[in-house]
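The values are calculated or read from the model by the stated rules, or taken from the named source; none is laboratory data. Not measured: the values here are computed from a predicted model. Cβ: placed from backbone, ideal geometry, glycine included. Neighbour counts: every protein chain shown.
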Ligand code: SF4
């Protein structure tokens, strides 16, 4: 496909998000929102569910040059449905000129997307609602102080899954695969994105805008506050997540999956885990080999399957046995 | 004026939405409300009505969509019942806080557990503090009229708040009664088109539902709603006058029935009013000075009118088809609060709880309530009186025996 975005030179210069909002420094979610907004332009209404970015709007201030509708925790997609349907029927009845139309964008964190709002997003996708959904996934309930969510990965410490002697690994369940849940609805466009891979992100938004219906984006959103790393390292963390294979960048057009960034050689997950306090218990005071290997194995399995089904050249997984004898 | 047609309360609600030329109907099925959305879906699909009906995945989503569509400038209608209202409950406060006018028809159904289908008013009265106005119907005709009234009051720039119109499940929802419709010109004369002053549209940046930090801002906005909903009482009267001039039908916030010289008065809402009125007529024939006040507008609470109608009476009973567990009747407490500072308030104020889960209240039971008012010594002060007949008790005993429950009840 022809694309407007070949390198970072094509990065749109228009700004829709002013500086000075009261989010944490280095918030990955904010970076993604800023880029996302650039790609969509200004005639947008953002429909939000409870989460960190809800506090972008504290009366009487807004950092956005677009419209905003805060709904409730569970029902931002339904809020988008109401606005989309209203604009459509008003245009159809001749009560609103076509030129007054808006793009409707749902913006939520992972708590809303993976947990409490899963039902309403499922409904909106199934009905074929014409909207964008941007999830900023920081893998926990960040706004309330980092409790476990359906997006929390195995091994993460959160305030509700603290690592203890009884439970040394922290969270012992697995991150929910929202990509696959949404893909099973067969939406026209679905992708994962990451703030470190801006051109990839811009291209995906560009591709998505060619479709009518649900256009869904799940973005890794490194969270300095919850994950425990220096705010200057957000992009580095995001890049490591991709290079270690923890956060695969992919898209699905009407359900057909394609990975857009394929690491030829995977970096060991340890490089990614080590930089974050939420995984510190895996390394100190004693190294939890089993837990670290389990995370690595899951990543290996994923990419072996990808190379088999998509026919990529060899993706070299980390050989745990070799590593241990090193 | 069009002819009178026989229709159910549900059909009357659907007709009201059609006459109001609503743009958007977010929907979700629940008994006994479902016939409303089925009727509207049929009309829209046949092309006799131009609106968008979308079935959501829950009442919570349904109400969310209703609120945001209103803020985008659409006239919105929706309906639900019982657990549906409770499932979407969070959004009631939001919609009111967003200042999003719309009309929600609640077809009353008692709330589980135990799960049942028939009506009482715990569902709708749970919403009384939300900022929604509430209008309660006695007959199918009221359903149609009150929905049209509710749009006019809700969308008035002095109000800009949502409304609930309540009808009793089964007693009205599935009961056919004669209903007079309005023709297009009459509706146009009564109900101006809806527009929202800051609807979402291109090149206009609007923020709805922002957070506030600080109780003073929160209080300011809440007080603002309180002022607007209070103002709605006057807007309702203006609308009722206009409505009467067009249709000849008189709508009042509180309707008096044989009140002029009444000494014993029953306060009541919704469909059991019809039976209670018959009891009043019967007592009048026997020379008992009985009367009745039907509360149509529950929010804003018409305290002033209620006081006017009740002061100087000997004794008043409030019939509550609801139960605030651990207290008693809800409308009883509101009536008592309204009367507290009135000099010539009735000496006796009796709380009567009946009709829970649609339990039928007979003419004789209403007569019995009036007989208590004539003998105030028999009235237990401040304690709710539960209407429960002997035949009903026998049936409960039989059921418990079958269920294997032994011993004393
Ligand atoms: S807690 Fe995390 S996700 Fe939330 S604003 Fe702070 S950095 Fe962003």
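Couple of notes before you dig in:
- Filter result for the condition that a residue is at pLDDT 95 or above and over 23 Å from residue A:179 (Cβ atoms), over A:259, A:281: A:281
- Sole residue being crowded, with 24+ Cβ neighbours inside 10 Å, over 22 Å from the mean Cα position of the chain (by Cα) and over 17 Å from residue A:75 (Cβ atoms), chosen from B:74, B:69: B:74
- Segment B:67-85: number of residues that are more than 9 Å from chain A (Cβ to nearest Cβ) and part of a helix (DSSP H, G or I): 4
- Check on residue B:319, surrounded by 14 or more Cβ atoms within 10 Å (Cβ to Cβ), on the phi < 0 side of the Ramachandran plot, part of a helix (DSSP H, G or I) and in contact with a helix residue (DSSP H, G or I) (Cβ under 8 Å, 6 or more places away or on another chain): no
- Selection over segment A:96-106 of residues that are in contact with a strand residue (DSSP E or B) (Cβ under 7 Å, 6 or more places away or on another chain) and in a helix (DSSP H, G or I) gives a count of 1.
- Filtering segment A:128-138 to residues that are within 13 Å of chain B (Cβ to nearest Cβ) and in a strand (DSSP E or B) leaves only A:131.
- Per the listing B:174, B:170, the residue uniquely within 19 Å of the chain's Cα centre (by Cα), at positive phi and touching a residue at least 40 places away in the same chain (Cβ under 8 Å) is B:170.
- Residues (free of Cβ contacts under 8 Å to residues at least 40 places away in the same chain and more than 7 Å from chain B (Cβ to nearest Cβ)) located in segment A:58-87: A:60, A:61
- Extreme residue, surrounded by the fewest Cβ atoms within 10 Å (Cβ to Cβ), among residues of segment B:222-257 that are in contact with a helix residue (DSSP H, G or I) (Cβ under 7 Å, 6 or more places away or on another chain) and more than 28 Å from residue B:185 (Cβ to Cβ): B:256
- For segment A:208-236, residues that are closer than 17 Å to residue A:250 by Cβ and more than 15 Å from the ligand (Cβ to nearest atom) total 6.
- Residue in segment B:195-209 that is assigned to a helix (DSSP H, G or I) and surrounded by fewer than 16 Cβ atoms within 10 Å (Cβ to Cβ) present: no
- Single residue of segment A:107-127 satisfying the filter (more than 11 Å from every other protein chain (Cβ to nearest Cβ) and not in a helix (DSSP H, G or I)) that is nearest to residue A:37 (Cα to Cα): A:107
- When segment A:24-57 is filtered for residues that are within 13 Å of chain B (Cβ to nearest Cβ), in a loop (DSSP other than H, G, I, E, B) and either crowded, with 19+ Cβ neighbours inside 10 Å or within 10 Å of the ligand (Cβ to nearest atom) (or both), the ones remaining, listed by number, are A:49, A:50, A:51, A:57.
- For segment B:115-154, the set of residues classified as under 21 Å from residue B:328 (Cβ atoms) and without any contact (Cβ under 8 Å) to a residue 40 or more places away in the chain consists of B:129 only.
- Matching residues, segment B:86-103, being more than 14 Å from chain A (Cβ to nearest Cβ) and touching a strand residue (DSSP E or B) at 6+ places or on another chain (Cβ under 6 Å): B:103
- Flag for residue B:157 being within 28 Å of residue B:301 (Cβ to Cβ) and exposed (fewer than 15 other Cβ atoms within 10 Å of the Cβ): yes
- In segment A:139-160, of all residues being in a strand (DSSP E or B) and more than 10 Å from the ligand (Cβ to nearest atom), the one that is surrounded by the fewest Cβ atoms within 10 Å (Cβ to Cβ) corresponds to A:147.
- Test: residue in segment A:198-207 that is at pLDDT 95 or above, within 18 Å of the chain's Cα centre (by Cα), more than 16 Å from the ligand (Cβ to nearest atom) and outside any helix (DSSP H, G or I): no
- Where a residue in segment A:34-51 is free of Cβ contacts under 8 Å to residues at least 12 places away in the same chain and its partner, wherever it lies, is assigned to a loop (DSSP other than H, G, I, E, B), with Cβ under 9 Å and at least six apart: none
- Looking only at segment B:52-66, and only at residues there that are at the interface with chain A (Cβ under 7 Å from one of its Cβ atoms) and not in a strand (DSSP E or B), the one that is farthest from residue B:104 (Cα to Cα): B:57
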